[in-house]
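Each value in this text was obtained by applying a stated rule to the coordinates, not by laboratory testing. The shown structure was predicted, so the numbers you read here are calculated from the model rather than taken from an experiment. Methodologically, a virtual Cβ is constructed for each residue, glycine included, from the backbone with ideal geometry; neighbour enumeration extends over all protein chains shown.
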């Protein structure tokens, strides 16, 4: 979900329940705290690791979400930081056990919202790295973003009124539940259409367009389902391993590549992973890619496609037993 939605819901709930100013501030801080992981991304580039230091990674778990909200709440409650923020917002957080509890409640709302979106969140990390997801909404739902943004702008410009808060809360819940119900119906229709329990379904920006993934031993098949038409006209099948030019030591090269934290992170992010392998001059060139993401990028401008390619594929060169990530 987007930042506006993550901040809006705790704000509306806190005011509707007539909580104190410092409690509402902590509630909102907790609602956005997990997304401060964007400030940790440079660590992954400087020192690659599989400790889920990525967006919707370590901070989006029940355990580390608590520590994240405590840190952000502490920093936000310092006098110097408060004075800077108070120039723009009516903001007065405190740092007590009570406000920490409100902040963590905001984190739980954040995790629930992101759980409803595609690819979800690693709720039980560090016990396990599994990503839990309802696969209902797209990564960022444009309709909810517009509703939340409109409400945030209105509330920022107009003085606080309890009746407005109540109406906005009801409107948002109706929109959220309505869109969720519509997407759930479409997802059920998709499952009835394909009649295959082994398929995985993923939402797109369009609530009536879904992607369906079927993983077999040697191949990965992807279908695009049109809910309005009730049919699937587009499909793609790719081999899990496509050897473009053969050579010696492929299994050794794959084993060396598997040790890289960059590849572990890529597998964790991807819907599915296929591999193009070629050999020349004593070096294996391995291109790992997410075939579903490549289909999702169809119709997008070349500029955005190039920008997204770094997340949709990973190139690794292996010479002997030495594996390196290459551009």
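Once the chain from residue 195 to residue 161 is taken as fully extended at 0.36 nm per residue, the excess over their C-alpha distance is 7.2 nm.
Compared with the alpha-carbon gap, the fully stretched path from residue 209 to residue 17 is longer by 65.3 nm at 0.36 nm per residue.
At 0.36 nm per residue, and after removing the present C-alpha to C-alpha distance, how many nm does the segment from residue 324 to residue 71 gain when stretched out fully? Present the calculation step by step, with values, prior to reporting the outcome.
On the way: separation 253, 0.36 × 253 = 91.08 nm, distance 3.55 nm.
Extending this stretch completely gives an extra 87.5 nm.
Taking all Cα pairs closer than 8 Å and separated by 6 or more residues, the relative contact order of the chain comes to 13 percent. Relative to the longest principal axis of the C-alpha atoms of the chain, give the angle of the C-alpha long axis of helix 62-76, reported between 0 and 90° and rounded to the nearest 10°. Approximately 50 degrees, to the nearest 10. Fewest neighbouring Cβ atoms within 10 Å first, the residues 91, 50 line up as 50, 91. Pairs of Cα atoms nearer than 8 Å and 6+ residues apart set the relative contact order; for region 3-134 it is 30 percent.
Here the chain carries DSSP beta bridges of which approximately 90% are antiparallel, counting only pairs with both residues inside. In terms of its C-alpha gyration tensor, region 1-114 comes out prolate, because a/c is 1.5 or above and the ratio a/b outweighs b/c. Exposure proxy for 278, 246, 285, 61: other Cβ atoms within 10 Å of each Cβ, ordered fewest to most, give 246, 278, 285, 61. The antiparallel fraction among DSSP beta bridges confined to region 240-326 stands at about 85%. Annotation: the residues 222, 53, sorted from fewest to most other C-beta atoms within 10 Å of their own C-beta, follow the order 53, 222.
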